[in-house]
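One structure is given below, encoded as structure tokens.
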Amino acid sequence: LVSLNYGLGFVLIHMLGLRVATKQPAMTAASFAAEVEKGENGRAAHKKLANLLLDVNRSQWAAVWGNVSIAVLTASIIALSYALWAQQPLLSSSEVSYQLQAVSPWHGSLFFAAIAGVWLFCSGIIAGFFENRANYLDLRQRLFHHPLLRKILPERPRRAVADYWHDNYGPIAGNFIFGILLGMTGYLGYLLGLPLDIRHVAFASANLGYSTVSGELGPFSFLFYLVLVLLIGFVNLWVSFTLALNVALRARGTRIGQFSLLLKSVLEQIKQNPLNLFFPVTVLAKTTASAKKTDDSTPANELINKGK
């Protein structure tokens, strides 16, 4: 039931036109890898790959912040509404303590977040398989000409149904199986006798919202646990992206020559623009410089025009 709950929940998110932020790295690593330039002997240019990693980090943190803020806010509103209605907190003190311990690195949260990152990667591969299968089977035409659908639906709605399932076959399958993988982890650990679990940034954010209202956490305590939740998101993102990027680079016949050079290039860019980790500082700087250059050249152009 837990797996079904997760799976249907993720499918509902997709059908509502929303996105799970942590699924983006696994789903878009191939597109990013296409931008990686090849150097000598098929090795990826380190500067290009460093820019890629910074761009990924910045875009994914923006998505995670969106997920975290909405999840915390929604959970807090639910917990507050319940407390006002029932005249008691949504979570007991022991439940609040359990939820706060669950996001602590000292209780294995980052390891469990890495497991969720692996499942994110797997769900991306599975989604790609089903999307390719839809194209291979020409699912759009199969559904449009299906005998049963031809009997119960007119041409226009039937075309819409066929287009929708063809375009969303992969994402729906990937989201559903991702939920199944998350839900079965604890049971798999039980069968193997291992303390396996998952930590996902969206779930951790919601639990933090419930715990903040129910446990009446102070601002400093809230910020401390918020940082721990963001660490979970960081592990979710980079484990899934690293695995997906490795597959994408190998599929394109390129590879990272020396990690030391890549790390050096990343550190140099961070040193030049520390805020570039979270904000598009380089783009803003180029835009500002371009605007300044245009302003500086305007008087000269006006003088030339007047002379004419």
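The values are calculated or read from the model by the stated rules, or taken from the named source; none is laboratory data. Only a predicted model underlies this, so the values are computations on that prediction, with no experimental measurement involved. For neighbour counting, all protein chains shown are included, and Cβ atoms are generated from backbone atoms with ideal geometry for every residue, glycine included.
So how many residues does region 158-205 have that are polar (S, T, N, Q) and within 17 Å of the chain's Cα centre (by Cα)?
Summing the residues that are polar (S, T, N, Q) and within 17 Å of the chain's Cα centre (by Cα) in region 158-205 gives 2.
Check whether at least one residue in region 119-138 is under 21 Å from Ser205 (Cα atoms) and free of Cβ contacts under 8 Å to residues at least 24 places away in the same chain, and report yes or no.
no
Yes or no: Leu192 more than 13 Å from Ala113 (Cβ to Cβ), surrounded by 24 or more Cβ atoms within 10 Å (Cβ to Cβ), at pLDDT 85 or above and not β-branched (Val, Ile, Thr)?
Considered against the rule, which asks whether it is more than 13 Å from Ala113 (Cβ to Cβ), surrounded by 24 or more Cβ atoms within 10 Å (Cβ to Cβ), at pLDDT 85 or above and not β-branched (Val, Ile, Thr), Leu192 comes out as no.
Considering only residues of region 175-213 that are assigned to a loop (DSSP other than H, G, I, E, B) and in contact (Cβ under 8 Å) with a residue 24 or more places away in the chain, which is nearest to Val64 (Cα to Cα)?
His200
What number goes with the only condition from (1) in a helix (DSSP H, G or I); (2) farther than 30 Å from Phe279 by Cα that Asn67 does not pass?
The one condition Asn67 does not meet is (2).
Mind counting the residues in region 111-143 that are more than 28 Å from Phe234 (Cα to Cα) and either in contact with a His (Cβ under 7 Å, 6 or more places away or on another chain) or in a helix (DSSP H, G or I) (or both)?
Total satisfying the criteria: 11.
Per-residue answers, yes or no, for (1) in contact with a helix residue (DSSP H, G or I) (Cβ under 7 Å, 6 or more places away or on another chain); (2) at pLDDT 80 or above; (3) among the small types (Gly, Ala, Ser):
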position: Glu40; (1), (2), (3): no, no, no
position: Ala45; (1), (2), (3): no, no, yes
position: Lys48; (1), (2), (3): no, no, no
position: Asn67; (1), (2), (3): yes, yes, no
position: Ile77; (1), (2), (3): no, yes, no
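Looking at region 267-278, I want the residues that are in contact (Cβ under 8 Å) with a residue 60 or more places away in the chain and more than 16 Å from His46 (Cα to Cα) and have a partner that is assigned to a helix (DSSP H, G or I) and aromatic (Phe, Trp, Tyr) with Cβ atoms under 8 Å, at least 6 apart or on another chain. Which pairs are those?
Correct list of pairs: Leu277/Trp61; Phe278/Trp61.
Looking at Ser69, is it closer than 14 Å to Leu230 by Cα, of a type outside the set (A, V, I, L, M) and surrounded by fewer than 14 Cβ atoms within 10 Å (Cβ to Cβ)?
When the stated conditions are applied, Ser69 passes them.
Taking the criterion of being modelled with pLDDT of 80 or more, surrounded by 16 or more Cβ atoms within 10 Å (Cβ to Cβ), under 19 Å from Leu237 (Cα atoms) and of a type in the set (Val, Ile, Thr), would at least one residue in region 53-64 satisfy it?
yes
So which of Phe220, Phe279, Phe224 ends up being outside any helix (DSSP H, G or I) and surrounded by fewer than 17 Cβ atoms within 10 Å (Cβ to Cβ)?
The conditions single out Phe279.
Can you tell me which condition Ile172 does not meet? The list is (1) β-branched (Val, Ile, Thr); (2) surrounded by 14 or more Cβ atoms within 10 Å (Cβ to Cβ); (3) without any contact (Cβ under 8 Å) to a residue 12 or more places away in the chain, and all the others hold.
(3)
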